[in-house]
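Below is one structure, written out as structure tokens; the observations come after it.
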Amino acid sequence: MKKLPQLLGLLLIVALSSQSVVAQFKFSNLFGGKEKPRKNRLFEPTSTVSLGFGSSSYYGDLSPYGRIVQSTINGVRWNANFNFTRQISPTVGIRFGLTWARISGDDSYMDGVTGYEANFMRNLHFRNDIKELSIVGQYDLIRTERSYLRREPIIPYIFGGIAVFAHDPVARPDSSVYDNNDWVRLQPLNTEGQGLPGYSTPYSLISVSFPIGFGVRYKLNPNWDLGFEMGFRYTLTDYLDDAGGNYADPNDLASQSPLARDMGNRTLERYAANRGIDRTQGVANYLEKQGLYDPTSGLNPFTVVTSVQGFSDRTDQRGNPKYNDSYMLTTIKLIYHIPGKIKCPGIR
């Protein structure tokens, strides 16, 4: 009697199995062939679109890599982007992106910073709006099985790819000389003599960068995610900031225009044109270390010299050609999962 329940269970299983075999046999005879076994459901490719906003930071001659934290903070600006992503496997997606990012840099932040006195003395600044078109591969660190509706609540990912971008650096002229202190384009001024006889060719306003970074997506509901992303772009140009080579002869620049001459060498401007900071004390300290100024004289340091050694000759370095410029973007974005086609269940 104790084995009766087990025996009844075994008989039930055998009966159900027999019914299944008979049903399959009848189905096969009815259609003149064997029934095809149902396949397991595979991953369904899906697409998303996103809109994001965030910050941008530039690294280069005016925001040194050697002061990465300060450079990130001092020149922080904004970016906006739109992305379309096609998820082609449980972990891999291909993303196409459009980004508009503003970057900037200013030598006036180097006032009193040991080891960067020459940067402060150089007194350059710039602003640049970058328009970027990118294609990157995105790898999710957590798989999405079957449909995007089954995705995990939090999915971290990494990405890398290539981008083409347009840029155009601008700066403000010295307000004590020019009545109009509006931003002027720097590339046409050939501030390092580019395009003039005996100098290099002008730098291109179109270049390539290599985006790489990481991010995380948080599931808000079946169709919406909130994302955070941080991406670094190493570029193939050293002229996002208009500084990458040596100083030009001021006479050569003057032959083009007085503005080109003045924007090419700004060491003896009293005020930092962009931030409006009085540079008198910092310049006096620098000239004193060079043995060119006596602080007890009471003289204006800007009237003591007409040019400063290291900032006036064609062999003097205006920018460091050793490293190209780069920028970093951090973005918060809203992501929408585009619903796939509605699939009707098969008739059994």
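The values are calculated or read from the model by the stated rules, or taken from the named source; none is laboratory data. What you are looking at is a predicted structure, and each value in this text was computed from that prediction instead of being measured. Reconstructed Cβ throughout: ideal geometry from the backbone, glycine too, with neighbour counts over all protein chains shown. Please note that ligands, DNA and RNA were not included when accessible areas were found on the heavy atoms of the full protein model with its side chains. Shrake-Rupley method; radii C 1.70, N 1.55, O 1.52, S 1.80 Å.
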Practice item. Scan the stretch 314-348 residue by residue and report those that are modelled with pLDDT of 90 or more, open to solvent by 50 Å² or more (accessible area, probe 1.4 Å) and farther than 30 Å from residue 230 by Cβ. Key: 314, 315, 317
Check your understanding: So, in the stretch 300-333, of the ones that are in contact with a helix residue (DSSP H, G or I) (Cβ under 8 Å, 6 or more places away or on another chain) and not in a loop (DSSP other than H, G, I, E, B), which residue ends up farthest from residue 62 (Cα to Cα)?
Key -> 304
Exercise for review: Select from the stretch 44-75 the residues that are part of a loop (DSSP other than H, G, I, E, B) and surrounded by fewer than 21 Cβ atoms within 10 Å (Cβ to Cβ) and write down the one among them that is nearest to the chain's Cα centre (by Cα).
Suggested key: 64
**Study point:** Filter result for residue 239 (touching a residue at least 40 places away in the same chain (Cβ under 8 Å) and within 22 Å of residue 163 (Cα to Cα))
**Key:** yes
Review point. Within the stretch 200-215, which residues are in contact with an Asp or Glu (Cβ under 8 Å, 6 or more places away or on another chain), among the hydrophobic types (A, V, I, L, M, F, W, C) and under 30 Å from residue 338 (Cβ atoms)?
Key: 214
Point to revise | Positions within the stretch 227-244 being part of a loop (DSSP other than H, G, I, E, B) and either more than 17 Å from residue 61 (Cα to Cα) or of a type in the set (Ser, Thr, Tyr) (or both), in sequence order | key: 237, 239
**Study point:** When residues of the stretch 163-173 are limited to those that are of a type outside the set (A, V, I, L, M) and open to solvent by 20 Å² or more (accessible area, probe 1.4 Å), the one farthest from residue 274 (Cα to Cα)
**Key:** 168
Practice item. Select from the stretch 98-121 the residues that are open to solvent by less than 20 Å² (accessible area, probe 1.4 Å), of a type outside the set (S, T, N, Q) and within 30 Å of residue 310 (Cα to Cα) and list them in ascending order. Key: 103, 105, 106, 107, 110, 120, 121
Exercise for review: Tell me, yes or no, whether the stretch 129-149 has at least one residue that is assigned to a strand (DSSP E or B) and among the small types (Gly, Ala, Ser).
Suggested key: yes
Point to revise | Of all residues in the stretch 180-236 being of a type in the set (Val, Ile, Thr) and open to solvent by 30 Å² or more (accessible area, probe 1.4 Å), the one that is farthest from residue 137 (Cα to Cα) | key: 184
Point to revise | Subset of the stretch 77-92 [outside any strand (DSSP E or B) and open to solvent by 60 Å² or more (accessible area, probe 1.4 Å)] | key: 88
Review point. Which one of these does residue 242 not meet: (1) open to solvent by 20 Å² or more (accessible area, probe 1.4 Å); (2) over 17 Å from residue 118 (Cβ atoms)?
Key: (1)
Check your understanding: Any residue at all in the stretch 283-297 that is closer than 30 Å to residue 208 by Cβ, in contact with a Pro (Cβ under 8 Å, 6 or more places away or on another chain) and part of a helix (DSSP H, G or I)?
Key -> no
Exercise for review: Determine which single condition residue 178 fails, assuming it passes every other condition in (1) out of contact with any helix residue (DSSP H, G or I) (no Cβ under 8 Å at 6 or more places or on another chain); (2) modelled with pLDDT under 95; (3) not charged (D, E, K, R).
Suggested key: (1)
Practice item. Give the number of residues within the stretch 122-181 that are without any contact (Cβ under 8 Å) to a residue 12 or more places away in the chain and either closer than 30 Å to residue 268 by Cα or of a type in the set (Phe, Trp, Tyr) (or both). Key: 2
Exercise for review: Go through 151, 95 for me and flag whichever is in contact with a Ser or Thr (Cβ under 6 Å, 6 or more places away or on another chain) and crowded, with 21+ Cβ neighbours inside 10 Å.
Suggested key: 151
Exercise for review: Would you tally the residues in the stretch 245-267 being in a loop (DSSP other than H, G, I, E, B) and either charged (D, E, K, R) or surrounded by 21 or more Cβ atoms within 10 Å (Cβ to Cβ) (or both)?
Suggested key: 6
